[in-house]
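Scroll down for the structure; my scribbles are underneath it.
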Amino acid sequence: MSTLRKPKFVILLVFVAVGSFLLGTAANRTIYAADNIFSSTKLLMGVLNLVNDNYVEEVQPGELIYAAIDGMLEVLDPHSSFLSKESFAEMGERFSGKFYGIGIEFDVLDGFLYVISVIDGSPSEAVGLQSGDRIVRIDGESAIGIKHDEVRQKLRGEKGTRVDVTIDRTGVDERFDVTITRDRIPIRSVRTAIMLEDHTGYIQLIRFAKTTSRELETALDKLQQDGMERLILDLRGNSGGYLDQAVEVSSKFIPEGQVIVKTMGRNRSSNQTFKSLSGVNHRGMPLVILLDHRSASASEIVAGAVQDWDRGVIAGTRSFGKGLVQTLFAEPHLTDGSALKLTTARYYTPSGRMIQRDYKNKSFEEYIEGSFTESGEALQDEEEASGAERPVFTTAGGRAVYGDGGISPDVLLKTPKRKYPFVIGKYRGWVPFDRACFEFANSYGVSRQDLRDDFDTFLKEFEIDEAMLEAFKIQVRDSGLSFTEDEFNEDLDVIALQLKRSLARNLWGDEEASRVAASGDEQLQQAMQLFYSHEMLVQQ
């Protein structure tokens with residue numbers, strides 16, 4: 001996700017904005033720029049009028065303008081983009097840290113609206129909704145066959161308003177009605193905060209939203225009360241978010257006044273240096289940060305600063321390499337509720353590394369897929385050892401780190417190669433793997449309520465046996481997906497782990513499900529050993 005900053009530039013028209021960024025603002029070029037923009041705009045309007053008057057079918061001029069804007073921005077870079085009114089509103093909700101509703105994660109399976117999980121402290125938790133419940137009626141109308149967008153429209157609403165739902169719960173003979181009063185629902189940045197062993201804490205951060213720093217502080221304080229003396233901060237899959245939150249998160253671990261990140265662009269106002277803030281704790285705690293190919297933007301700012309100051313160990317695989325700063329232009333510059341995300345600067349780590357990966361002469365698909373290729377790790381093995389063909393920079397402690405986009409780990413922990421046959425859509429329809437596990441755990445959990453007695457025993461001793469695997473195989477095949485025995489058997493360990501994780505969430509909740517997932521996470525288990533083996537951490 002692009003990192004956003006408050007607008008600092010005045011824009012009259014989107015065409016003027018792009019023209020001024022491309023042509024510069026020097027006084028002796030102003031007349032030339034204006035003439036060039038005028039002639040280009042005149043050309044565009046001429047084409048628009050010809051299409052509007054002569055195309056074989058009636059056209060919507062607004063759709064043509066939106067398409068023209070999209071095409072114009074594609075010429076610039078992969079991260080400048082135009083947001084429609086609806087997309088802009090959705091983005092704001094996603095990163096505001098809150099919305100109003102009933103507080104469930106849901107999915108529609110075979111036409112039925114299932115509660116996947118209940119958000120802690122939400123109105124749904126207050127009235128006793130559970131994972132696995134089916135909502136069959138909403139405000140008296142059938143919810144069978146409902147679409148995802150319809151669910152959001154019917155269940156979200158203003159604070160204090162009420163919605164009546166009818167619940168079908170496995171193991172309960174009759175359906176029952178519940179009235180839920182909508183309230184503020186937090187969109188959390190901290191997905192998981194648990195102790196992995198006596199002194200090792202684990203926090204999974206999934207986005208950098210407005211509440212991220214506060215959430216992280218709460219999680220850190222709780223784990224320290226539970227005895228945490230060292231931390232694994234998991235930024236795998238975290239595509240970024242707000243710049244100020246990246247600085248605040250970094251400040252929790254890096255001494256006050258040290259550079260976190262620099263931004264540099266064409267305009268003087270884009271050139272800024274952000275330093276670690278005062279009054280923050282946790283700066284002496286041994287730290288490992290986990291990255292993967294999906295870690296981007298704000299995640300890379302945090303990892304780059306920690307690495308450049310030798311504050312902790314970066315483990316995993318090379319990050320995405322998204323180091324372009326987007327400035328958000330909306331009202332009053334664009335008056336229809338839409339917004340423009342325009343690249344105005346680049347990110348640089350404290351040592352001077354540019355985070356952005358090369359995107360020149362590549363299609364958008366090539367750019368995105370370039371960080372996910374399987375050959376990337378093999379290439380990285382060689383380059384991390386020698387620094388071949390990559391610019392070399394130096395950390396505060398004199399270690400060599402490499403530029404050319406992304407953050408390369410200090411310790412390479414390869415991603416396990418999995419086929420995941422159930423999520424490949426080359427057969428009839430899509431049957432997501434997690435969804436299949438949820439359905440199976442929901443039905444199996446009803447017959448094994450005895451497991452609820454002791455989670456620790458479940459975690460350490462319960463195994464997914466052959467009978468369960470065979471039943472799961474039959475269920476997935478019955479759903480219409482074809483696969484061979486070899487394809488199924490190749491990922492038995494993954495299937496068993498995900499079934500156990502889904503069962504834990506069904507019986508106890510998200511925290512217990514996270515502990516099951518952590519027990520089978522190969523990269524995470526290897527990262528735990530770094531506290532005992534890596535010299536940077538041993539010295540601390």
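What follows is calculated from the coordinates using simple rules that are stated; it is not laboratory data. In this text the structure is predicted, and so the values were computed from the model without any measurement. Every residue, glycine as well, gets a Cβ built from its backbone with ideal geometry; the counts of neighbours run over all protein chains shown.
Tell me, in nm to one decimal, what length is gained between D110 and F38 on full extension, where the rule is 0.36 nm per residue of separation less the Cα-Cα distance?
Extra length from D110 to F38 when fully extended: 20.4 nm.
Given the pairs K85/K341; K252/K500; K222/K414; K85/K262; K275/K360, which are separated by over 23 angstrom at their Cα positions?
Check vs 23 Å cut-off fails for K252/K500; K222/K414; K85/K262; K275/K360.
Give a quick list of trypsin sites (Lys or Arg not before Pro) in the range 152-209 that DSSP marks as loop, anything other than H, G, I, E or B, with at most 14 other Cβ atoms within 10 Å. Walk me through the intermediate numbers first.
On the way: sites: R152, K154, R156, K159, R162, R169, R175, R182, R184, R188, R191, R207; in loops: R156, K159, R169, R175, R182, R188, R207.
Passing sites in the range 152-209 are K159, R175.
Among residues other than S338 whose Cβ falls under 10 Å from its Cβ, what is the net charge (Lys/Arg +1, Asp/Glu -1)?
-2
Express the relative contact order of the range 438-510 as a whole percentage, based on alpha carbon pairs under 8 Å and six or more residues apart in sequence.
Relative contact order here is 66 percent.
Have a look at the DSSP beta bridges in the range 170-314 and tell me what percent are antiparallel, nearest 5. Before the final figure, lay out each step's value.
Values: 9 of 21 bridges.
Counting DSSP beta bridges with both partners in the range 170-314, the antiparallel share is about 45 percent.
Find the relative contact order for the range 309-351 and round it to a whole percent, using C-alpha pairs within less than 8 Å whose residues are 6+ positions apart.
38
Taking a quarter of the surface of the Cα convex hull of the range 98-186, what do you get in nm²?
On the way: hull surface 20.7 nm².
With the hull built on Cα positions only, its mean projection is 5.2 nm².
Starting with the fewest neighbours, write out K222, K341 ranked by other beta-carbon atoms found within 10 Å of each beta-carbon.
Fewest-to-most Cβ neighbours within 10 Å comes out as K222, K341.
What is the projected area of the convex hull of the Cα atoms of the range 237-285, averaged over all directions, in nm²?
Averaged projected area of the range 237-285's Cα convex hull equals 4.4 nm².
Could you work out the local net charge near F82, counting Lys and Arg as +1, Asp and Glu as -1, over the other residues with Cβ closer than 13 Å to its Cβ?
Local net charge: -3.
Normalised by the number of residues in the range 98-186, what is the relative contact order in percent for Cα pairs under 8 Å and 6+ residues apart?
Values: 195 pairs, mean separation 30.5, N = 89.
Over the range 98-186, the number comes to 34 percent.
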